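Visitor: Before I ask anything, let me first share the structure, which is written out below as structure tokens.
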Amino acid sequence: MIEVSHVSRNFGDFRAVNDVSFSIPTGQIVGLLGPNGAGKTTTMRMITGFLAPSAGSVKIDGIDITENPVEAKRKIGYMPESAPLYGEMIVEDYLRYIAGIYGQNPEEKVPLLCKECGLKEVMSKNISELSRGNRQRVALAHALMNDPEILILDEPTSGLDPNQVEDVRSIIREIGKTRTVIVSTHILSEVETICSRAIIISGGKLVADSSIEELKNSIGTSSTVYITVGGDGNKACELVKSINGVAGVTVGPKEGEANLSELVVSVNGDAEIRPVIIKKLVEGGFDLYEAAHNKNTLEDVFHTLTEAK
Ligand SMILES: Nc1ncnc2c1ncn2[C@@H]1O[C@H](COP(=O)(O)OP(=O)(O)OP(=O)(O)O)[C@@H](O)[C@H]1O
């Protein structure tokens, strides 16, 4: 359990993080999102105890990280974006060495992490020879060495090829079943695939904190249907407005098609009402030229919430 309570951080006169609060229970994978410079890394560094808050508190399982840093940090594993690894060491030796530092039994711990992080093929290789994906796995094994209840991952898949991305994501999903995981990322599809919840920070402030589904619905409608019709656009608009589940319709000339109109139909909830719209228009005597559908994505939400700042 992580409790971030009214946390701020100043650098000189500049406030990088401004009165941010959230709490995360065990067994949840949460995406920390925000544009460049939003304050994500600063927030994560305060949660891990690397940076003291200027105001507010961070508690890990009820332990205040400023008052009791050693005890609180014991519960946290942190994987920075570019994890510093000893390139000249063999993977197995490196993990045994880290086990020693954390007071763990390497005979037990290293084989477990080898399995959990999919390192079997590379255990006897030099770290400097590894692909970026495999280096990330070693860094993940390092972060998991003290069996942390909380795992904090900064851009875990940055710079990986699509296969490596999928591998690392599935390891994270597995790890997240029994731990609290915070993933900072620029990749919104990553949040949709591995996180159940997203926290969005913009300009140092928390602008959203909810499940991915709630976020997608938070910008009003859940999808938009674009329809190109011939005939009287305004009449077509009135007809579509009367359909159950339609939140709103706007009409305008279709770009590059002087005689046609485009209806932009906002649809509420998850109902599939495209066939109803099409049927109604055809029955109403309108010629239908095109119909396209766009489900609101996390990207739409992200832009709406962060561009206003
Ligand atoms: N040590 C520091 N001294 C002065 N300013 C800092 C320091 N660390 C961060 N900042 C500033 O605080 C703001 C937030 O930075 P932070 O690194 O937390 O953002 P971020 O959301 O992680 O961005 P990115 O996605 O680009 O990594 C930025 O304007 C940054 O320049």
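Visitor: For the chain, find the longest principal axis of its Cα atoms and tell me its angle to the long axis of helix 132-143, 0 to 90°, nearest 10.
Guide: Tilt relative to the chain: about 60 degrees.
Visitor: At a Förster radius of 51 Å, what calculated FRET efficiency corresponds to the Cβ-Cβ distance of Asp300 and Ile101, to the nearest 0.05?
Guide: The calculated FRET efficiency here is 0.70.
Visitor: Now, a different point. Apply the Debye scattering formula to region 64-171, with a single equal point scatterer on each alpha-carbon and no solvent, then give log10 I(q)/I(0) at q = 0.12 Å⁻¹.
Guide: -0.39
Visitor: Using R₀ = 51 Å, calculate the FRET efficiency as 1/(1 + (r/R₀)^6) where r is the Cβ-Cβ separation of Ser21 and Ala258; round to 0.05.
Guide: So, using R0 = 51 Å, E works out to roughly 0.40.
Visitor: Based on alpha-carbon centroids, what's the gap between region 199-240 and region 38-105 in Å, whole number please?
Guide: The two parts, judged by their Cα centres, are 39 Å apart.
Visitor: Also, I was wondering about something else. Any idea what angle helix 162-175 forms with the longest principal axis of the chain, computed on alpha-carbon atoms, 0 to 90 degrees, nearest 10?
Guide: Around 70 degrees separate the two axes.
Visitor: Would you calculate the separation in nanometres between label points at Glu108 and Glu238, each defined as 7 Å from the Cα along the Cα-to-beta-carbon direction?
Guide: Each label point lies 7 Å from its Cα, and together they span 7.8 nm.
Visitor: Something else: Using 0.36 nm per residue of separation minus the Cα-Cα distance, give me the extension gain between Lys115 and Ala55 in nm, one decimal.
Guide: Residue separation times 0.36 nm, minus the Cα-Cα distance, leaves 17.5 nm.
Visitor: When every alpha-carbon pair in the chain is counted, what percent end up more than 28 Å apart?
Guide: Cα-Cα pairs in the chain separated by more than 28 Å: 52 percent.
Visitor: Can you pull the percent of the chain's accessible area that's carbon plus sulfur, 1.4 Å probe, other chains left in place?
Guide: C and S fraction of accessible area: 47 percent.
Visitor: Just to confirm, what accessible area per residue do you get for region 219-297 at 1.4 Å probe, in whole Å²?
Guide: Numbers: 4430 Å² over 79 residues.
For region 219-297, the per-residue accessible area is 56 Å².
Visitor: Okay, moving on. If I build a Gaussian network model for the chain, linking alpha-carbon pairs within less than 10 angstrom, which residue out of Val30, Val251, Val181 has the largest mean-square fluctuation?
Guide: Among Val30, Val251, Val181, the largest GNM mean-square fluctuation belongs to Val251.
Visitor: Measuring with a 1.4 Å probe in the full set of protein chains, what accessible area per residue, in whole Å², belongs to region 99-199?
Guide: Heavy-atom accessible area per residue stands at 42 Å².
Visitor: Once Rh for region 219-297 is found with the Kirkwood sum over Cα pairs, what is the Stokes-Einstein diffusion coefficient at 25 °C and 0.890 mPa s, in µm²/s?
Guide: Diffusion coefficient, whole number: 198 µm²/s.
Visitor: Treat each spin label as a single point 7 Å out from the Cα along the C-beta direction, and report the Asn126 to Thr193 distance in nm.
Guide: Going from the Asn126 label point to the Thr193 one covers 3.2 nm.
Visitor: Taking only Cα atoms, what is the 0 to 90° angle, nearest 10, from helix 274-283's long axis to the longest principal axis of the chain?
Guide: Taking Cα atoms only, the helix is inclined about 10 degrees.
Visitor: At 7 Å along the Cα-to-beta-carbon direction for both Asn163 and Glu283, put a label point, then send me their distance in nm to one decimal.
Guide: Once both label points are built, they end up 5.3 nm from each other.
Visitor: Using the Cβ atoms and a cut-off under 15 Å, what net charge is assigned to the surroundings of Leu160, where Lys and Arg are +1 and Asp and Glu are -1?
Guide: Net charge around Leu160: -3.
The values are calculated or read from the model by the stated rules, or taken from the named source; none is laboratory data. Source: prediction; values computed, not measured. All Cβ positions, glycine included, derive from the backbone under ideal geometry; neighbour counts span all protein chains shown. Only protein heavy atoms, including side chains, enter the accessible area calculation; ligands, DNA and RNA are left aside. Shrake-Rupley method; radii C 1.70, N 1.55, O 1.52, S 1.80 Å.
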